[in-house]
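Structure record follows, encoded as structure tokens.
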Amino acid sequence: MSLLDDLWSGRWVPIWLRRRVIAWLGYRVLLDAPLPGGSLRVLERGTVRRLRFGDAWEDQSAFDRAAPTHPLLPYTQLAALGLALPPRLDGVLHLGLGGGTLARMVHVAAPDTLQHAVERYAEVADAARRYFDLPDSVSITIGDAAGLLDRLAPAYDLVFLDAFAPSGAPVSQSAATFVGVRRVLRPDGWLIVNATDDVRTTVLALHDVFASVAWIKIPDADQYLLVASDALALDGVRARAAALGARLGQELEPLVDRLVWADGSVLAGPGGTGG
Ligand SMILES: C[S@@+](CC[C@H](N)C(=O)[O-])C[C@H]1O[C@@H](n2cnc3c(N)ncnc32)[C@H](O)[C@@H]1O
């Protein structure tokens, strides 16, 4: 990260000033709970709630109570495309729960889908239920996502890897974790990764494990949504994207054309993204 990135991200701003700015912007603190080595905060302004670690500027999750089905953070809007990638959505696994934006989105688009989440902190899971309308049907295991993978059944059509430490560092974006995810995915299932750091290395690691890897750059951010699978075809993805998008009130079909396939991906090349 360059000095300019540092200045722009506001990392240099002292904590007392951050707190003043947040109060000045009109945020109320709904929760300030201790976590090992930090704290968990839920902030509210108007109808919008934000889940943050300590005094970080970055949101772990954001939720508008006036529009609960509309994901606020840009990467979660793009991640909705993930729901259209597998041919069915019987089981979805979340590695890192946060406020459960993605789980709520799956619940709206496909209410019968079985959803499970692995979340490091019990305090986060409680906050998701209490402040972020996490559907009761989402089951949660508290623990380390990578460490618990080998206890899960190979029953998932979609896995979201969206785990970040309170320091902001991405968690478990390694080939070892990807091997574990591949085991719990059905053969035509998909992994979606929220990637912010050293994305090239993460893409290469995904490519070591999966036959097809693609990405979408998140506009105006140093952030990518990575998708990976052993699927050999994407038949029907556009029709599924149109149908799911209609349920979510979001245009998903155009996102299919924004996927950039990594060199050597089975699905790369003309016609790869199917009809
Ligand atoms: C960006 S948030 C997830 C946001 C979420 N996908 C949503 O839809 O709102 C990242 C989450 O990963 C969790 N986390 C961090 N390390 C983890 C680990 N080793 N295992 C599981 N979860 C972890 C954090 O506590 C945090 O709740």
Sole residue being in contact with a Lys or Arg (Cβ under 8 Å, 6 or more places away or on another chain), within 14 Å of the ligand (Cβ to nearest atom) and in contact (Cβ under 8 Å) with a residue 12 or more places away in the chain, chosen from 42, 124, 29, 106: 42
So, residue 117, is that one in a strand (DSSP E or B) and within 11 Å of the ligand (Cβ to nearest atom) or not? yes
Residues in region 127-156 that are within 13 Å of the ligand (Cβ to nearest atom), part of a strand (DSSP E or B) and more than 11 Å from residue 97 (Cβ to Cβ): how many? 0
Applying the selection to region 24-46, what residues are of a type outside the set (Gly, Ala, Ser) and in contact with a Phe, Trp or Tyr (Cβ under 9 Å, 6 or more places away or on another chain)? 30, 31, 35, 36, 40, 41, 42, 43, 44, 45
Quick check, is residue 196 within 12 Å of the ligand (Cβ to nearest atom) and in contact with a Phe, Trp or Tyr (Cβ under 9 Å, 6 or more places away or on another chain)? yes
Can you find a residue that is surrounded by 20 or more Cβ atoms within 10 Å (Cβ to Cβ), within 11 Å of the ligand (Cβ to nearest atom), more than 24 Å from residue 218 (Cα to Cα) and more than 15 Å from the chain's Cα centre (by Cα) anywhere in region 157-180? no
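Rundown of residues vs (1) outside the structural domain of residue 99 (by TED's automatic domain parsing); (2) within 17 Å of residue 101 (Cβ to Cβ); (3) surrounded by 16 or more Cβ atoms within 10 Å (Cβ to Cβ), yes/no style:
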| site | (1), (2), (3) |
| --- | --- |
| 27 | yes, no, yes |
| 34 | yes, no, no |
| 44 | yes, yes, yes |
| 50 | yes, yes, yes |
| 58 | yes, yes, no |
| 69 | yes, yes, no |
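The values are calculated or read from the model by the stated rules, or taken from the named source; none is laboratory data. All of these numbers come straight from a predicted model, not from anything done at the bench. Cβ sites come from the backbone with ideal geometry, for glycine too, and all protein chains shown count toward neighbours.
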